[in-house]
1. Suppose we filter R362, R356 for residues that are modelled with pLDDT of 80 or more, touching a helix residue (DSSP H, G or I) at 6+ places or on another chain (Cβ under 8 Å), closer than 30 Å to A187 by Cβ and not hydroxyl-bearing (S, T, Y); which single one remains?
2. Of the residues V649, V680, only one is hydrophobic (A, V, I, L, M, F, W, C) and either crowded, with 24+ Cβ neighbours inside 10 Å or in contact with a helix residue (DSSP H, G or I) (Cβ under 7 Å, 6 or more places away or on another chain) (or both); which?
3. Hey, could you check the range 521-545 for residues that are over 22 Å from the mean Cα position of the chain (by Cα) and free of Cβ contacts under 8 Å to residues at least 12 places away in the same chain and say which is surrounded by the most Cβ atoms within 10 Å (Cβ to Cβ)?
4. Taking L387 as the residue in question, decide whether it is surrounded by 17 or more Cβ atoms within 10 Å (Cβ to Cβ), at pLDDT 90 or above and either assigned by TED's automatic domain parsing to the domain that holds S279 or under 19 Å from the mean Cα position of the chain (by Cα) (or both).
5. Being farther than 14 Å from P677 by Cα, aliphatic (A, V, I, L, M) and more than 14 Å from ligand 1 (Cβ to nearest atom) is the filter; apply it to the range 592-634 and report the residue that is least open to solvent (accessible area, probe 1.4 Å).
6. Anything in the range 429-474 that is touching an Asp or Glu at 6+ places or on another chain (Cβ under 7 Å) and within 16 Å of ligand 1 (Cβ to nearest atom)? List them, or say none.
7. Sort out for me the strands (runs of 3 or more DSSP E) sitting completely within the range 67-170 that have 1 or more residues that are closer than 17 Å to Q48 by Cα.
8. Can you name every residue in the range 460-480 that is within 16 Å of ligand 2 (Cβ to nearest atom) and polar (S, T, N, Q)?
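The values are calculated or read from the model by the stated rules, or taken from the named source; none is laboratory data. For clarity, every value in this text was computed on a predicted model and none was experimentally measured. Quick reminder, even Gly has a Cβ in these numbers, built from the backbone with ideal geometry, and neighbours come from all protein chains shown. Ligands, DNA and RNA are excluded from the accessible area calculation, which covers all protein heavy atoms including side chains. Shrake-Rupley method; radii C 1.70, N 1.55, O 1.52, S 1.80 Å.
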Amino acid sequence: MLTSLRRIVQEVTAAEQFDTVLNIIVSQVKTVMNTGMCSVYLYDAASQSYVLAATEGLHPESVGKVAMNTDQGLVGLVARKAEPVNLEDAESHPSFAYFPETGEEKFKSFLGAPIIHHRDVLGVLVVQQQQRRKFDESEEAFLITISAQLAGVIAHAQATGELALATSGDPRGATGTDSEKIYNGLASAQGIGIGHAVIVSSPADLYAVPRRTTEDSAAELEQLRQALENTKQDLSKIRHDLSDKLNTEEIALFDVYTAMLDDTSLAGEVIELIKEGLSAQSAWSQVIIAHIRTFRQMDNAYMSERAADVRDLGVRVLTHLQQSQTDRVVYPEDTILIGEELAAPHLADVPFENIRAMVSVRGTHNSHVAILGRAMGIPTVMGAVDLPWTELEGEHLIVDGYQGQIICQPSAQLLDVYQRVSEEQQSLAKDLEALRDEPNETLDGYHVSLRVNTGLRADTLLSRDRGAEGVGLFRTEIPFFLHDRFPSEEEQRKIYREQLEMFAPLPVTMRTLDIGGDKALPYFPINEENPFLGWRGIRITLDHPEIFIAQLRAMMRASIDLNNLHILLPMITNTSELDSAMALIHRVYDELTQEEGYKLHMPQVGAMIEVPAAVYQVKDFAKRADFLSVGTNDLTQYLLAVDRNNPQVAELYHSFHPSLLHALRKIIADARDVNCPVTVCGELAGDPLGAALLIGMGYEGLSMSSANLFKVKALLRNVSRTELGEIAEQVCLLDDGVDIRNYLQQALDRPALTRLLHPVTTQTGDRA
Ligand code: PEP
Ligand code: MG
């Protein structure tokens, strides 16, 4: 059964059309289970019923005509109970309903399994037999397994609009009019971006090549010819180098490869597509993917494994094509940057002022690129898993960073609505700017230090103009992303000096290199199964003292005469890490001052509290460090065991989860007991509701994206510290994150904050 299952899944994955998927399922399941019929019913939101979508065994004319709601028939019963129904004699069951147009009267036994995705019953898969018999356990298990596999495919078809029968209540899906398509993702940085898509893709990934057209087919053909020639030379060299290690048959395979590159084979098809106007890379990847699919579908195991060879060949040629690519990507003035997994290095080449919005198929609100989006005020949507991103090059789009939507081919009417909302938001931002020189004080005169999180030069410049009281978190890994090797000590010194000078005499907290997790340097790859629990942050820098020491030297040398440097250590999990890091910091300081004669103040050194273990060692860390800084982004991920990058579990990543609140309360209480200053630099500090909560708990320093600075200031200036204290007390009694958020929202609602706490929604034009 496992082989059959694998085969069905392979065929389904290879199928291009959703109709084909359904037909494969019903015919294969019928054959493998040796039943009289197999049918699939799919939920239709419009009629609120399960409609026969494909069958093998019932009259084909009944497809699309037979429908049952959850109160009707056995299919309705399976959907209602959301569990399998296995009957020896279907007709005698009280829920049985007869549909003469199907020709089902000849079948006696019935087995139906629900097709469930994210708790929604999307459909029902049914098999029936002519003889009266109960299906056995293994048959039931097989049908359940197939249904579970089918669920993902159906959900995807629904989301991309391939399936007209839409499921109710599914949060992600393509909707809209015929020309207008709306795709959902996760709202990750507020704002509206209207512009043209530019696709950024990872090199040598056949599936990540955007569909680009060309005006200059001759040049593309020449690039292809060159890439094929280079690949042939590579193959011939490998063949030569391996000639004494391989047998004759294996050697012959290289000849087959080379022959496949001939004009009469793969290359011939690619040439045709280029002549029709496709770019060489797009044409090559399209042809190769089609061939991989064909090989995978072949019955013969040997042939289906040849798919891997075609893929390998495809990647080799693509690599040469990408190397020879002469046309640099052009970023129009209204660039909407789209990628499968957008990351900070992708931003390096793009002129900042041209970026209107960012969209990533993978990742969530808490991914680093989303944090950068917020820092720079660029509307960002992450986790747009169903977006046909490779096909969007050059398309006119709206990105709605409030609702987490991408609208392709928007109508003039919709563009108008978005334009209006965008203007409204800009006017709010402008009004908030008036707060620039006002003190960061609550109504009862309590001062809260508001600092900024920085990383890119662009966001540093923005921050400085917004009256921040210094930098609470400079993510030093960001400049590291923008190099193609580790920056030298002197290169780093210059970057740090600029940062320290821009804010002097205000403090600048520089975090030592925090790579690993979702932050891989292109020139220092870390391949791990479980990167967030792996080699990350301080673990890497302690294992590589040469990298750590160069960074510490650069930071300290950069601070000469300014003396506003604070150093922050990421991912500290135990005291020995902190001791080792402190020892290296002191060593560097001593070397610089005593051996090299620099005149320096010893910087203050802090530890991040961002893993659960650290919450329980606040006092131990406080004995060793000058200050503590809470990283709520990672603390939430580790406390709730929810990957901050995984859209599948994004709803579980709740920044107001009661456990997080209790952890935050414990941290501030323990830090106060030992008189250690503690600030918060995670995203919670930049959410006006989160900031209110933290101030209420007693935190006196918050660091946030500069885009949020005025919003938090507006909140602060319209509430009293006493009131926030009471609110914090109350919410800590609640046991659910959603309730906590709602409570905060209601408790803080007042006319001066309405526009801030209830932004205008683009869908209705009303306040949410
Ligand atoms: C955090 O984890 O809260 C934090 C501020 O660091 P980063 O988001 O860079 O991991
Ligand atoms: Mg962190």
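1. Matching residue, one of R362, R356: R362.
2. The conditions single out V680.
3. My answer is H544.
4. In short, yes.
5. Going through the qualifying residues, I end up with L592.
6. Residues satisfying the conditions are L450, R451.
7. 109-117, 120-129
8. T476
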